[in-house]
1. What residue, of 88, 77, is within 25 Å of the chain's Cα centre (by Cα), assigned by TED's automatic domain parsing to the domain that holds residue 345 and in a loop (DSSP other than H, G, I, E, B)?
2. Does region 91-110 hold any residues that are surrounded by fewer than 18 Cβ atoms within 10 Å (Cβ to Cβ) and within 24 Å of the chain's Cα centre (by Cα), and which are they?
3. Give the residue, chosen from 253, 246, 269, that is farther than 21 Å from residue 365 by Cβ and part of a strand (DSSP E or B).
4. For residue 205, work out the one condition from (1) in contact with a helix residue (DSSP H, G or I) (Cβ under 8 Å, 6 or more places away or on another chain); (2) part of a strand (DSSP E or B) it doesn't fulfil.
5. Does residue 284 satisfy being at pLDDT below 95 and touching a strand residue (DSSP E or B) at 6+ places or on another chain (Cβ under 9 Å)?
6. Does residue 111 fit the bill of being outside the structural domain of residue 361 (by TED's automatic domain parsing), within 25 Å of residue 267 (Cα to Cα) and touching a residue at least 40 places away in the same chain (Cβ under 8 Å)?
């Protein structure tokens, strides 16, 4: 018996489903949302990184600014304060006939107008070894070219010296001249030391001292102070953006300026004064003394600088002028109560886009050790 093979029909292929337009659009939207979230996270992280980095840069600039100021202030007055009567004396000088005057004081603060940045001038001697005052032992007429002094220790050809009258006043000022020679025991029959300032050998010495020495000259009992080469530096804020240093050259009588640290937008300073002679500072103010007694009261200088970050923030990050916490232990002119302490408001709202930058106040108090030691 034969069996007939029955051939079954081929199985129809299953229906194949593709991706619909709706599914594709949903996928694209989900991908875009994920990309947006990741991008926003990266942008935020990068902004935080820039803010942190720029904050660190501002901290470095603020710290270095304070260090530079502190270093100079610690040396202020060296060689000038041994003769206390000289403080506040008007110094007259002349270079190639061009006259200039300035005040004999370790530090002079010139307060800015309406909260603007202050200027700090530092004066002192740069004598490498020691600066010893020399007592004038014979009257020095205004037209004389040599001083007779009790000691020539440390005095060398080329040194700049200040002649200090016994009692400085409007008619008896201090005079700056340059030593052209010094001789030990060269006084005629006096055995004293001689300090010469010949006009033909230095552009700082005028013939007969006619433009720098008082009419009465310098009497016995006056002093000479040895400056070596003059330290005369001024710190200020340049264009509201940089800490600037102006340096006076005793070689050419010219002043050169340089920007030291960027993004330092404010400089404020106060004299620390002992007004009751108890050896401690009892007031901080910006009032520049006008008498020898007033200058002798200054024992410290308090300095504050404001550093700004370089990062411009899209949002407002500063809503008010920064406050400098000066404490309440010693009265500070211009301060106001802030909680349990006292603060000085430092003006920055004159700067362009000031609300979109971050600021930090750095401050220090520097004792004027040469005022304390009278060295």
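The values are calculated or read from the model by the stated rules, or taken from the named source; none is laboratory data. Everything numeric in this text was worked out from a predicted model, so none of it was measured. Neighbour counts run over all protein chains shown; Cβ positions are idealised from the backbone, glycine included.
1. Only one candidate passes the filter, namely 77.
2. Of everything in region 91-110, those that are surrounded by fewer than 18 Cβ atoms within 10 Å (Cβ to Cβ) and within 24 Å of the chain's Cα centre (by Cα) turn out to be 100, 101, 102, 103, 110.
3. Criteria check complete, one pass: 246.
4. Result: residue 205 passes all but (2).
5. On the way: at pLDDT below 95: no; touching a strand residue (DSSP E or B) at 6+ places or on another chain (Cβ under 9 Å): yes.
Spelling it out, it is not the case that residue 284 is at pLDDT below 95 and touching a strand residue (DSSP E or B) at 6+ places or on another chain (Cβ under 9 Å).
6. yes
Residues checked against (1) over 19 Å from residue 111 (Cβ atoms); (2) not in a loop (DSSP other than H, G, I, E, B):
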{"site": "318", "(1), (2)": "yes, no"}
{"site": "328", "(1), (2)": "yes, no"}
{"site": "334", "(1), (2)": "no, no"}
{"site": "349", "(1), (2)": "no, no"}
{"site": "363", "(1), (2)": "no, yes"}
{"site": "366", "(1), (2)": "no, yes"}
{"site": "372", "(1), (2)": "yes, yes"}
